[in-house]
1. If neighbour count is taken as other Cβ atoms inside 10 Å, put D:427, D:302, A:12 in order from fewest to most.
2. When the helices in the protein assembly as shown are scored as -39500 (n - 2.57) per DSSP H run of 4 or longer and the sum is shared across all residues, what 222 nm value do you end up with, to the nearest 500 deg cm²/dmol?
3. Indicate the gyration tensor shape class of the stretch C:238-344 (rounded, prolate or oblate), computed on the Cα atoms with a ≥ b ≥ c the square roots of the eigenvalues: a/c under 1.5 is rounded; otherwise a/b larger than b/c is prolate and the rest oblate.
4. Output the antiparallel fraction of DSSP beta bridges having both residues in the protein assembly as shown, as a percent to the nearest 5.
5. For the stretch D:9-108, what relative contact order do you get, as a whole percent, if you take Cα pairs closer than 8 Å and at least 6 residues apart?
6. Pull out a ≥ b ≥ c, the square roots of the eigenvalues of the alpha-carbon gyration tensor of the stretch D:220-450, then state rounded if a/c is under 1.5, prolate if not and a/b is larger than b/c, and oblate in the remaining case.
7. Name the nearest-to-axis residue of chain D, judged by Cβ distance to the rotation axis taking chain D onto chain C, and quote that distance in whole Å.
8. Measuring from label point to label point, each 7 Å out along Cα→Cβ, what is the residue A:123 to residue D:438 span in nm?
């Protein structure tokens, strides 16, 4: 089985073969012998790699796998060979013409600083969200005309919930 | 919903109704208001009963539910109204004519004290199982003729694994 | 309440780790415990450690943990004799302390009058100065003209700080390093004070550069006995939020320790104080210390003092509130070794300490010798947005400061919290930083030395391990092959037993 | 190895909680740690606390943790300089200590000669007697005729014990309470000794009735310095397995403490001992104590001594093995408060302490002030059948014995282990038993006072709660109704995220 794994700032070709509890994994040509025990389905496992034991939890949101181990979390985009080549030939998507401003963390909306139709500068604050006794300004990256305001003061918002949509200038 | 719950030394009629997170439970005529939050599917839950908070795990083996809370485990046989009345009219099963002697805990078989065809007394030791550096004699309850011996010294046995079958005297 | 008799049942008007801390003390004393919770806290672990738990209102603190009426009604309903406020929320509310008294409940803390007096910072400083506790030179002298200012500044000595008498939050503040800068600075400060606060009066006080924050734990009973339990070093702060505390302070010698302890006892007596309290001082680079304020409650960082003295501060709070005399004289207090506390916040230290909320996927707490964890989060818990981001404290003890730090490094390396970001990586950095190890720091430490950005590596797991895990998980999640191999392996290890349906 | 230089890397030839204890010490010292595991221990938690982990063989101890050759080869391969044996397995094997020496590895423990000498119980007693350490009167005197027996018995004083010189396991043993009983008993004992062991020689020793088991921790460096860290009370035993230990002993006054400490130091010197060790004594009801044996290793119960002295015994073991001098003189050792340990075994205290094995469904450890847990099991772990049933230890400290016990009650009430039976309910019983609270017990305590049967209530959860939980679980597991209500609720709360299939 061959996979292509993309991390935040690197990309790797990975070949994996299994025999019993042992996996032979080759990452960019470098071989690893891995002893893996699945603990609770394929999402939690104990790995021994280079004689070091790791307990790992793998979860998945959208196209990204979240791998947590030792208190650290890695985001990995994993593609099969087929997907990888299909994607490579399709090329990048064009940049969108609107910006969705999302909440970076869950919290309570304290105030909304813009109204629909208003034209704002890049970096202008649009919403103030309070979480754990701290107020945080959420700003527009691109600036432009405010297309829609989706929250009002007092709303409880989730992480990554869209607050305001901007038509790019 | 009406259930019949049988514990080790008591039996109760239980009526349960839900509205939201709150359940009205009547056990043998005594009412309880229960705040229940399911944590991880219906098997793990947080209950508040009489202003006391309990974290409870419910698992199931065969016809018995195991309810664990606060380090204690209860075995409960639960029947719906229909099952309860069906069972009641069917009466008890007749006692079997053979006894399966099972391992009370996992361990390693040290020795087998009987051979097939041998006639043994009630309480006669049949197998010695070692677990955690302690040897434990496993005995026949009824006595009789040894019908089959299913293990040999050195075997690793699981809890409740049948070791020897006796034809009752 | 006769001397000696303890309470039958006590309500804890708080949540999170500090509620659990107090429940534990009550349990050890054989006293019944009553917890309260808001609608957002139905699954908070503190409910599990209380003998009884009552819902007191909505998620917003004003509807629940700050709701005096509701809390007192709950205490009465549950048959409590006393209330422990923890820290934060109502702990320093003299109205709450008074309301308890009026309702015939014992407030486990100082009198409403002491809380109120220490709550007004200027009034508190005045009381201290009058009683002979050192305060920052000049701090209580308001001036309105430049001649007064010049005279006072000359007495105090430069550098000085100008502050609006009516001010706060840094507005109208000016640092003046020499006589030459005074005229201009005084004019500006005065006009800012006028325009912001409608009062041009200015306080002039000695500027303490790069101060340390040192505080002293005191215990006072209702019979006039006051002792101190030594100092805590709390200089590692950001935005006035403490992150690391230790006892003893590496900056204090035994002579200064004696003096600052005596000053704290004097301060407590001046405040007519009873129960546990903390006297905060700032200390300059030469070791001079000055009264800053008094915290009329249990501190977050009380465990470091408990570790070195062997005295349970919470149990003593409860005994004192029940009318008992202090069990120790000052001479009987001894200190052993060194203790340090790291506060674990749900904040991202690589991203300017922004709140990092969400569901905690997995927690593994440190354990083992001389490690204490005060914690209330668990695997699967969703940290609510409404309250303080403190999710845990790790406290270690060692025969000396070096051992306590080595043990803290070990404890932090065992600590796993997955799903949200926490201050653990920050603490790991501090525990290896040469300035910290040398004891060479002050309240500007984090601004001067800590660079937390996302390029910094948080831990040490090689990314290859994550790639391997992702690929194995992908392979094992494949749908069943013809030979059935993958599927059966999955089943082998999946031991989770689901409850069968009983319904008909 | 020059004095002062520590090791770069150390292998721990053990498993479970004690392996983790040593890994923690190594981590705090900045020394690399190497763990080993058998095929049955692939999922044992001790692997997670080691820097490296090596498979050394099959599940049976003889194939792995007792496999000297394999362990030494692993240590060499991994580049270790020393081996810590923990307790049990090879810890008291002089062959192993010798094999380490021969392989150029430091054995963290005493010399092979000391281990060997102390391993022969009669030889050990002889060495002690010759050095002036008190031994049980008569214990080394073999007799073959009734005249000798009469004379010796008269010297020692009744009651006495007759034992086969070559014996063991209680065979050939007779208690004799007076001169009148001697003839008959001597004849029987002699003939039993002859028939069981082929040797009619009989030892006569003073019978110590209802003795206490008291032991003293000692530390000895390679430079001739020996100190003791006070005593441990270990009388709560069954089948020679200790269940509860504490320090100090409630039966020892300061004068006896001084004497027994001095005797232990004398014993260590007589054994030419180095590293940490324990001298075991039995003590009669009058406070007379007699050397029993010397344990030439770290004890399970070392944490109670660590808690009261503030001295890390494992770190000291490693420093001593590296050639360092003791950091303390006897005068510098001080004791504070009281510590108590409860051993948590996978045994059913309501069913004659039979092993209770299987999968641990859920674990919640106690935490908070002055509670230490040494543990290696976790939720989902299957306790292997091959090894010792000790799964955890809980240690609490208090300013006095009463506080330590109150804290232990609190800690045990927090401790949740579901899926198997453990000794937790036994300990909860002891911590409320008036004899134990009064310090009034000896090695016969469990037989005399403890009635553990299945009718006894383990905990205090009302069965109604279990019935309620079962019914709610049943209702919530119902297949989807037409209105979709049940099903959607289930989905709401089930947040477990499964990895999607990546395969094509």
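The numbers here are math on the coordinates, done by the rules we state, and not lab data. If you're wondering where the values come from, they're calculated on a predicted model, not measured in any experiment. Cβ atoms come from the backbone with ideal geometry, glycine included; neighbour counts cover every protein chain shown.
1. Ranked by crowding around the Cβ, least crowded first: A:12, D:427, D:302.
2. -8000 deg cm²/dmol
3. Numbers: a/c = 1.39, a/b = 1.27, b/c = 1.10.
Rounded.
4. Among the beta bridges of the protein assembly as shown, antiparallel pairing accounts for roughly 90 percent.
5. 29
6. Prolate.
7. D:336, 3
8. With each label placed 7 Å out from Cα toward Cβ, I get 7.9 nm.
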